[in-house]
Amino acid sequence: MNIEKDFLIPFTGLKNGKHSFDFKVDDSFFENYNYGDFNHINAEINVLLDKKINLFELHFTSKGFANVPCDVTNQDFDLPIDSEIDLVVKFGDVFDNDHDEILVIPYTSHHIDIAQYIYEMIALAIPQKRVHPGVKDGTLDSEALDYLGYVHEEEKDEDDDFGGLFDDEDDEIFGLIDDLENDEEEETEEENTNKDIDPRWAELKKLLTDK
């Protein structure tokens with residue numbers, strides 16, 4: 001894939017206002033960036049360009065899927081991709097892309113190269129932790145889940161999505177954490193109560209007590 005050619009938006013001759021551009025990306029697009037944090041990928045990109053007198057406003061949206069391995073079971077699944085970013089393009093003496101949301105291009109430019117922004121948008125849309133949706137709803141049959149002691153949905157407590165993954169020692173730890181949080185809340189409430197007392201009432205209470 002020739003990124004330099006396929007992901008350029010020519011703006012010379014465009015009238016002021018909004019213009020829509022569509023692109024597609026697949027495995028070959030990411031080969032140019034040596035990025036392979038998935039098995040396969042297919043996504044459609046729409047760029048809405050709003051041309052103004054001295055600048056451009058670009059709104060990127062991506063929709064598609066990336067086939068990735070599940071971090072729990074190692075089974076492949078299609079992870080939905082649905083993301084968006086905004087970019088402001090201004091004119092200047094020299095090219096400058098040091099800012100994430102602002103691009104400066106020379107006055108002599110005739111097009112905008114959007115490949116890098118598409119790459120970043122999709123790469124950020126793929127989470128570091130990937131879990132097959134069947135893990136949570138209990139529809140996935142997996143030896144890995146059986147080994148971990150995962151309990152299916154109908155066997156779980158209503159308030160405990162992953163109860164089968166924790167033992168009694170874990171429950172004791174969680175209980176201690178809850179106690180600490182409750183103590184901190186009580187201390188905070190007491191501090192706020194003391195702060196809310198008008199000092200004049202405090203002096204009056206002291207006089208009454210001295211009697």
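The values are calculated or read from the model by the stated rules, or taken from the named source; none is laboratory data. Bear in mind that the values here come from a model prediction, so they are computed numbers and not experimental data. Cβ: placed from backbone, ideal geometry, glycine included. Neighbour counts: every protein chain shown. We work out accessible area using only protein heavy atoms, side chains counted, and drop any ligands, DNA or RNA first. Shrake-Rupley method; radii C 1.70, N 1.55, O 1.52, S 1.80 Å.
Data overview
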quantity	calculated
Residue count, region 19-59 (criterion: among the polar types (S, T, N, Q) and open to solvent by less than 40 Å² (accessible area, probe 1.4 Å))	1
Contacts under 8 angstrom Cβ, first residue in region 36-60 being over 30 Å from residue 70 (Cβ atoms), partner of a type in the set (Gly, Ala, Ser), 6 or more apart	47/20; 48/20; 49/20; 50/17; 51/17
Residue in region 86-94 that is under 27 Å from residue 36 (Cβ atoms) and either open to solvent by 40 Å² or more (accessible area, probe 1.4 Å) or touching a strand residue (DSSP E or B) at 6+ places or on another chain (Cβ under 8 Å) (or both) present	yes
Evaluation of residue 134 against (1) open to solvent by 70 Å² or more (accessible area, probe 1.4 Å); (2) farther than 20 Å from residue 51 by Cα; (3) not in a strand (DSSP E or B); (4) not charged (D, E, K, R) (one fails), failing number	(1)
Qualifying residue in region 67-83 (condition: open to solvent by less than 50 Å² (accessible area, probe 1.4 Å) and within 29 Å of residue 109 (Cβ to Cβ))	yes
Unmet criterion (only one of (1) out of contact with any helix residue (DSSP H, G or I) (no Cβ under 9 Å at 6 or more places or on another chain); (2) within 19 Å of residue 85 (Cβ to Cβ)) for residue 30	(1)
Count of residues meeting criterion [surrounded by 14 or more Cβ atoms within 10 Å (Cβ to Cβ) and within 24 Å of residue 81 (Cβ to Cβ)] in region 1-18	5
Region 105-126: number of residues that are among the small types (Gly, Ala, Ser), open to solvent by 10 Å² or more (accessible area, probe 1.4 Å) and in contact (Cβ under 8 Å) with a residue 60 or more places away in the chain	2
Single residue of 77, 30, 60, 38 found to be assigned to a strand (DSSP E or B) and modelled with pLDDT under 95	77
